[in-house]
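**Q** Provided herewith is a single structure, encoded as structure tokens, for subsequent inquiry.
Just so it is clear, none of the values below were taken in a lab; they were calculated from the coordinates. None of these values were measured; they are calculated from a predicted model. Here Cβ is always computed from backbone atoms with ideal geometry, including for glycine, and neighbour counts include all displayed protein chains.
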């Protein structure tokens with residue numbers, strides 16, 4: 001999960017040019033839609049893409065099919081879609097926090113909201129969590145919704161951490177929210193984590209990271225190559241590592257930062273400090 005910069009493309013001009021492109025099979029069927037689509041784009045931004053506030057404008061099945069087709073194979077008028085795909089595939093997934101993207105996810109699903117099929121502000125970089133999310137958007141309880149990486153500033157906060165229990169070579173691994181119940185977007189954040197993040201491979205990733213840490217600590221935190229005398233020192237090193245990961249991946253909810261956040265739990269800190277300071281332990285040796 002990550003807050004990302006809003007695309008700066010001029011979608012209104014792009015759609016106008018698209019509607020006038022006589023080389024496309026969609027000409028001239030899109031021309032009557034220009035004014036309503038441009039108004040829809042402006043209203044979408046005005047309400048920060050909120051799925052309960054965006055005004056979904058009905059369009060014909062024919063127009064919807066053309067727009068979906070143009071998204072799948074963007075013509076020159078929609079070159080920004082190809083640029084968005086190419087320029088974000090190496091970045092952390094804003095939707096689940098995995099260490100790559102690779103696709104674009106329609107925040108408002110294109111089947112239910114075809115008018116926004118080629119709207120850059122509705123196209124969010126994502127990884128395979130895109131297909132697992134499918135068309136999930138709202139929950140059954142008040143305030144439950146998928147977070148919008150372009151508009152929800154809370155994605156810049158530290159929202160989630162790993163939780164390690166039954167510490168040892170193979171602990172129990174899960175996720176835990178770091179925000180209080182009083183957070184104004186608690187329902188949305190909890191729904192997003194439950195509906196998207198937890199359905200990704202994050203728990204397996206965290207378990208693999210723990211396995212590497214247990215076998216050779218410096219594989220995960222380079223400063224752990226040496227034995228460490230105190231719990232306070234372990235904490236200082238982990239806080240510095242987490243800050244560095246936040247900076248590297250431009251957000252606080254990437255999977256590596258989530259992992260280190262879990263190591264900063266006081267119980268885990270005490271366990272790690274005890275392992276690092278065991279008499280006769282070989283530096284950077286297994287924690288078992």
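**Q** Quick check on the chain: helices-only [θ] at 222 nm, where DSSP H runs of length 4 and up contribute -39,500 (n - 2.57) each and the sum goes over total residues. Nearest 500, please.
**A** -11500 deg cm²/dmol
**Q** With each label point set 7 Å from Cα along the Cα-Cβ vector, what nm distance links residue 282 and residue 265?
**A** Distance between label points: 3.0 nm.
**Q** Output the direction-averaged projected area (hull surface divided by four) of the convex hull of the alpha-carbon atoms of the range 157-276, in nm².
**A** 7.4
**Q** Nearest 10 degrees, 0 to 90: what angle lies between the long axis of helix 79-88 and the longest principal axis of the chain (Cα atoms)?
**A** Roughly 0 degrees, rounded to the nearest 10.
**Q** Round to the nearest 10 and give me the degree value, 0 to 90, for the angle of helix 231-249's Cα axis relative to the longest principal axis of the chain.
**A** With rounding to tens, the tilt is 20 degrees.
**Q** With equal scatterers on the alpha carbons only and no solvent term, can you work out the Debye log10 of I(q)/I(0) for the range 5-71 at 0.17, 0.21 1/Å?
**A** -0.65, -0.96
**Q** GNM, the chain, Cα, under 10 Å: largest mean-square fluctuation among 42, 61, 201?
**A** Ranking 42, 61, 201 by mean-square fluctuation puts 61 first.
**Q** Report the FRET efficiency, 1/(1 + (r/R0)^6), for residue 72 and residue 250, where r is their Cβ-Cβ distance and R0 is 30 Å, rounded to 0.05.
**A** Here the calculated transfer efficiency is 0.55.
**Q** Residue separation times 0.36 nm, minus the C-alpha to C-alpha distance between residue 226 and residue 138: what's the value?
**A** 26.9 nm
**Q** Report, largest value first, the span of the C-alpha coordinates of the chain along each principal axis, in whole Å.
**A** Here the Cα extents, ordered largest to smallest, are 79, 38, 25 Å.
**Q** Which of 95, 278 has the fewest other C-beta atoms within 10 Å, and how do the rest follow up to the most?
**A** Fewest-to-most ranking of 95, 278: 278, 95.
**Q** May I pose another question? For residue 79 and residue 174 in one chain, what is 0.36 nm times their gap in residues minus the Cα-Cα distance, to one decimal in nm?
**A** Once the chain is fully extended between residue 79 and residue 174, it gains 30.1 nm.
**Q** If you don't mind, there's one more thing I want to ask. Given a cut-off of 20 Å, what percent of all Cα-Cα pairs of the range 108-211 lie beyond it?
**A** Beyond 20 Å sits 47 percent of the P(r) for the range 108-211.
**Q** For each of 178, 67, count neighbouring Cβ atoms within 10 Å of the residue's Cβ, then give the residues from fewest to most.
**A** Arranged by neighbour count, lowest to highest, 178, 67 become 178, 67.
**Q** How much length is gained if the chain between residue 201 and residue 58 is pulled fully straight, taking 0.36 nm per residue apart and subtracting their Cα-Cα distance, in nm to one decimal?
**A** Answer, rounded to one decimal: 47.8 nm.
**Q** Here's a follow-up. With 10 angstrom as the radius, rank 186, 90, 70 by how many other C-beta atoms surround their C-beta, starting from the fewest.
**A** 90, 186, 70
**Q** How many nm separate the modelled label positions at residue 158 and residue 6, each set 7 Å beyond the Cα in the direction of the Cβ?
**A** Reported label-point gap for residue 158 and residue 6 is 2.9 nm.
**Q** Note the angle between two axes, namely the Cα long axis of helix 266-276 and the longest principal axis of the Cα atoms of the chain, as a number of degrees from 0 to 90, rounded to the nearest 10.
**A** Approximately 50 degrees, to the nearest 10.
**Q** Distance from a point 7 Å along Cα→Cβ of residue 99 to each backbone N in the range 173-217: keep the residues under 14 Å and list them by number.
**A** Zone members listed by number: 201-213.
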